[in-house]
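The values are calculated or read from the model by the stated rules, or taken from the named source; none is laboratory data. Computed from a predicted structure; not experimentally measured. Note that we place each Cβ from the backbone using ideal geometry, even for glycine, and neighbour counts take in every protein chain shown. Ligands, DNA and RNA are excluded from the accessible area calculation, which covers all protein heavy atoms including side chains. Shrake-Rupley method; radii C 1.70, N 1.55, O 1.52, S 1.80 Å.
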Amino acid sequence: MEPLRAVKGMNDLLPTEARAFARIEAAARRVFERHGYGEVRTPLVEEAALFSRSIGEETDVVGKEMYVFPDRHGVPLALRPEGTAGAVRAFIEHGAAAAPIVRWFYAGPMFRHERPQKGRYRQFHQIGVELLGAAAPEADAELIGAAAAFLAEIGISGTRLLVNSIGDDACRPAYVDKLRDFLHARAAELCPDCRRRAGTNPLRALDCKVAQDRVILGEAPVPGDSLCEPCRAHFATLLGHLRALGLSPIHEPHLVRGLDYYTRTTFEILAGGDLGSQNTVAAGGRYDKLVERLGGPAVPAVGFAAGIERLVLALGGAPAPAPGPDLFIAALGDAARRRALVLAQAARAASLRVEIDPRSGSLKSQMRWADRTSAAFVLVLGEDELAAGRAPLKQMGSRGGGAPGAQEDVALDAVAGEVRRRLAPGSDDRGQPGLS
RNA sequence: GUGGCUGUAGCUCAAUGGUAGAGCACCGGACUGUGGCUCCGGGUGCUGUGGGUUCGAGUCCCAUCAGCCACCCCA
């Protein structure tokens with residue numbers, strides 16, 4: 001019979017990789033809580049209408065990538081393709097919109113039915129941050145600063161911050177008309193994708209990757225030239241704030257967003273290295289009309305999301321596995337094996353990481369396993385040791401005070417203390433920052 | 001959705017159309033109860049699947065599935 005396989009584009013995270021994810025999420029908690037953001041956990045499943053109303057019916061995310069299925073009453077439900085829509089729904093539903101300012105972050109799986117490729121899967125994981133209730137550029141600056149601090153915290157350096165403004169309801173429609181006219185006028189010279197975009201999503205044409213198109217689009221009108229005065233002032237102030245924060249913003253006039261709900265500020269943070277087209281590690285922008293659009297009050301907001309898979313890629317190299325046990329108990333004979341269980345339980349109660357080999361193997365095979373797991377110390381327990389109440393404690397590697405291979409008899413009822421004492425001064429390698 | 005590449009042991013990969021192999025890993029022994037280093041022994045396989053060509057297919061052809069990479073889109 002064919003063995004069952006994971007669904008295409010949905011991956012298992014085995015312990016080492018899961019640990020890398022967990023450390024990134026832990027860093028996110030530290031940094032965002034430091035900025036005053038609280039974690040929210042919203043459902044993975046929402047009514048499909050939530051996403052078509054917020055992200056936009058015509059976007060690829062809603063139009064062809066969303067997992068949609070009817071529930072038992074025929075109501076179309078969807079696996080969430082991104083986090084902002086659900087967060088805003090929760091914000092409205094729980095009356096949080098009554099508070100002047102709400103700072104939320106979230107981390108979890110998102111789903112898009114796309115063709116998988118490097119760093120991009122059908123179930124992927126995002127960390128997102130939303131600051132609701134503030135229209136001023138200080139909010140944009142704080143949020144972008146939080147994003148930069150988060151990337152620095154997990155060890156991604158050499159990033160570039162690209163920012164742009166795509167205007168608001170007052171100035172963007174007229175700009176989009178101008179751009180569409182330009183694209184139609186030059187349609188014959190553009191790639192098929194851009195000819196299509198002229199009708200569906202003109203802004204997306206601006207960051208087309210085809211070389212010839214880039215030349216032509218260099219002559220296209222950019223949003224920055226058509227901003228109304230309030231948008232222009234907002235953007236100018238934001239640039240000043242970002243410079244004051246030392247974030248070296250690069251104004252990228254062609255930077256746009258694919259989702260309909262963005263207004264004014266858009267930004268991306270790019271990682272260095274050769275991640276190719278996957279080098280955007282965080283991206284976001286302002287969405288002043290979304291809350292209203294979803295039935296809430298007129299609350300301006302700004303947010304961003306980062307893809308954890310891409311962060312792991314950007315960090316490069318193999319993630320560090322978990323550290324080995326502090327103590328490994330090798331036991332020979334039934335009585336010793338039972339005593340090993342009891343000793344292990346006691347040592348764990350004293351907060352040590354303790355393992356035994358639950359197979360009944362030779363001492364050699366148990367020692368080999370202890371070595372494999374990178375145990376710091378091994379206690380060798382046999383009939384004689386049980387009788388004497390003392391057993392040899394052997395140091396395996398460099399963790400611990402003595403030389404590798406050194407061993408010394410210790411009292412069985414003092415094992416945990418002996419191990420702890422030897423590991424105590426600065427030799428504990430757990431909790432190191434960094435991932436690789 | 002479009003295009004390209006690749007499918008052989010747990011992993012990385014060999015094998016001119018002629019008996020499926022190596023390294024690593026794993027298990028055992030040398031060393032009755034002490035890991036790593038060394039040596040000796042052990043192959044753990046529906047060659048992705050289904051057809052076809054052939055005396056004979058891992059190898060050639062077709063189809064299919066899967067994985068990877070890129071495009072579209074996006075974090």
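Can you give the longest stretch of chain A with no exposed loop site, where a site means trypsin sites (Lys or Arg not before Pro) in a DSSP loop (not H, G, I, E or B) with at most 11 other C-beta atoms within 10 Å?
A:210-358
From the P(r) of chain A, can you give the percent of Cα pairs sitting at distances over 33 Å?
Summing the P(r) tail past 33 Å for chain A gives 49 percent.
For chain A, set up a GNM with springs between Cα atoms under 10 Å and report which of A:Ala403, A:Ala149, A:Ala370 has the largest fluctuation.
Answer for the Gaussian network model of chain A: A:Ala403.
Explain nothing, just the number: dipole magnitude of the range A:327-423 about its Cα centre with +1 on each Lys and Arg Cβ and -1 on each Asp and Glu Cβ, in debye rounded to the nearest 20.
380 debye
Output the pairs from A:Lys8/A:Lys209; A:Lys8/A:Lys364; A:Lys118/A:Lys289 with a Cα-Cα distance over 32 Å in this structure; if there are none, say none.
A:Lys8/A:Lys364; A:Lys118/A:Lys289
Before I look further, what does chain A give for accessible area per residue, probe 1.4 Å, in whole square angstrom?
For chain A, the per-residue accessible area is 48 Å².
Search the structure for amide H atoms under 5 Å from the amide H of A:Asp168, placed 1.01 Å from N in the peptide plane, and list their residues when 5 or more places away or on another chain.
Under 5 Å from the amide H of A:Asp168: A:Cys228, A:Arg264.
Go through chain A and flag any cysteine with no other cysteine's C-beta closer than 4.7 Å, please.
Lone cysteines by the Cβ rule: A:Cys191, A:Cys194, A:Cys208, A:Cys231.
Calculate the dipole size of chain A relative to its Cα centre from +1 charges on Lys and Arg beta carbons and -1 charges on Asp and Glu beta carbons; express the result in debye to the nearest 20.
Rounded to the nearest 20 debye, it is 660 debye.
Report the net charge of residues surrounding A:Pro192, where surrounding means a beta-carbon distance below 15 angstrom and charges are Lys +1, Arg +1, Asp -1, Glu -1.
+3
Quick one: plug the Kirkwood hydrodynamic radius of the range A:254-304 (C-alpha pairs) into Stokes-Einstein at 37 °C, 0.692 mPa s, and report D in µm²/s.
270 µm²/s
Choose one answer from A:Thr266, A:Thr280, A:Thr373: the residue with the largest mean-square fluctuation in a GNM of chain A with alpha-carbon springs under 10 Å.
Between A:Thr266, A:Thr280, A:Thr373, it is A:Thr373 that shows the largest mean-square fluctuation.
For the range A:263-356, just the Cα set please: Rg and Dmax, both in angstrom.
Computed over the Cα atoms of the range A:263-356, radius of gyration and Dmax are 25.7, 73 Å.
Express the Stokes-Einstein translational diffusion coefficient of the range A:327-423 in µm² s⁻¹, to the nearest whole number, given a Kirkwood radius over alpha-carbon pairs, 20 °C and a viscosity of 1.002 mPa s.
Roughly 165 µm²/s, to the nearest whole number.
Quantify, in whole percent, the carbon and sulfur part of the accessible surface of the range A:327-423 (1.4 Å probe; protein heavy atoms only).
The nonpolar share, carbon plus sulfur, comes to 50 percent.
Run a plain Debye calculation on the range A:378-424 (Cα atoms as equal point scatterers, no solvent) and give log10 I(q)/I(0) at q = 0.17 Å⁻¹, rounded to two decimals, same order as the q list.
Once normalised to I(0) and log-transformed, intensities are -0.45.
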